[in-house]
């Protein structure tokens, strides 16, 4: 292991801890802009020591911890543990993620937030509290990219 | 005469000269490429980068080709009026604008340092960064 890789590893750890500490005060757009600093979800990890709002990446999405818990004691992952993980959305079309159905009020799309359709088109919400995609509610979305 | 750089850029200097010069604290073999004053200096500046000068082929009008490796240290790029015809008893000297680009050879130690730096690739650094993020 060279000093270069050791330095990069240390930088990655420092950046991840920094984002984790700030994330609770950030919106989805800000967190997704820094998603390279979010670790991948680990189903064996104990998240009880993590602050609420800490981000992870999983299945092409960015999720934030709602309720700290020990993942080793739970079956599933953020997409199936929606009471424990919140979904981030971005207003940056370049960073848009595939559509995920909201879970109750969690993960609803607000004005300006985007998703990337299966057709590769990025749609941006024209109103708050959207729970249906552009195919189901075309008037509520604008194709932007 | 023409020269061909590593990125396949071909240029047509009037003359190429060589010699030993003291550049960046080292005595280095240096190639000087002399172009007409009408050549585009910015284009020459862009062409003679360290990357493009890893290999410089000098191709004579008779097809002979000499390849010079690692002349990557920029010594100078200047535009100056030079004497192209010396004064004689009957005529004054003739001066014309010329652009000179001089590239000096990288030293052995500099080459070894470059290899050391490139031995740690971007992918490896990216992987190390991700490992750090994951273990945070």
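Yes or no, residue by residue, for (1) surrounded by fewer than 17 Cβ atoms within 10 Å (Cβ to Cβ); (2) within 21 Å of residue A:17 (Cα to Cα); (3) touching a strand residue (DSSP E or B) at 6+ places or on another chain (Cβ under 7 Å):
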| site | (1), (2), (3) |
| --- | --- |
| A:37 | no, yes, no |
| A:67 | yes, yes, no |
| A:136 | yes, no, no |
| A:143 | yes, no, yes |
Can you pull out every residue in region A:101-134 that is surrounded by 13 or more Cβ atoms within 10 Å (Cβ to Cβ), closer than 17 Å to residue A:27 by Cβ and touching a strand residue (DSSP E or B) at 6+ places or on another chain (Cβ under 7 Å)?
A:107, A:108, A:109, A:110, A:111, A:112, A:113, A:114, A:115, A:124, A:125, A:130
Out of (1) within 14 Å of another protein chain (Cβ to nearest Cβ); (2) outside any helix (DSSP H, G or I); (3) surrounded by fewer than 20 Cβ atoms within 10 Å (Cβ to Cβ); (4) modelled with pLDDT of 95 or more, the one residue A:62 does not meet is (3)
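Find the residue count for region B:54-87, including only residues that are free of Cβ contacts under 8 Å to residues at least 12 places away in the same chain, farther than 22 Å from residue B:106 by Cβ and part of a strand (DSSP E or B). I'd like the intermediate steps shown before the answer.
Let us first name the residues in region B:54-87 that are free of Cβ contacts under 8 Å to residues at least 12 places away in the same chain, namely B:62-66, B:85-87.
With the extra rule that they be farther than 22 Å from residue B:106 by Cβ, the set shrinks to B:62-64, B:85-87.
Imposing the further condition that a residue be part of a strand (DSSP E or B) reduces the set to B:85.
Residues flagged as free of Cβ contacts under 8 Å to residues at least 12 places away in the same chain, farther than 22 Å from residue B:106 by Cβ and part of a strand (DSSP E or B) within region B:54-87 amount to 1.
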What's the total number of residues in region A:2-55 that are closer than 29 Å to residue A:125 by Cβ, assigned to a helix (DSSP H, G or I), facing another protein chain (nearest Cβ under 8 Å) and touching a residue at least 24 places away in the same chain (Cβ under 8 Å)?
2
Looking only at region B:95-123, which residues are part of a loop (DSSP other than H, G, I, E, B) and either at pLDDT 80 or above or surrounded by 14 or more Cβ atoms within 10 Å (Cβ to Cβ) (or both)?
B:105, B:106, B:107, B:120
Looking at region B:88-107, can you tell me whether even one residue there is without any contact (Cβ under 8 Å) to a residue 24 or more places away in the chain, within 14 Å of chain A (Cβ to nearest Cβ) and over 23 Å from the mean Cα position of the chain (by Cα)?
no
Provide a single number: the residues in region B:38-51 that are crowded, with 18+ Cβ neighbours inside 10 Å and over 11 Å from residue B:74 (Cα atoms).
3
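Could you tell me whether residue B:51 is modelled with pLDDT under 95, under 17 Å from the mean Cα position of the chain (by Cα), in a loop (DSSP other than H, G, I, E, B) and under 21 Å from residue B:2 (Cβ atoms)?
yes
The values are calculated or read from the model by the stated rules, or taken from the named source; none is laboratory data. Since the model is a prediction, treat every value here as computed from it, not as a measurement. Every residue, glycine among them, receives a Cβ derived from its backbone with ideal geometry; neighbour counts consider all protein chains shown.
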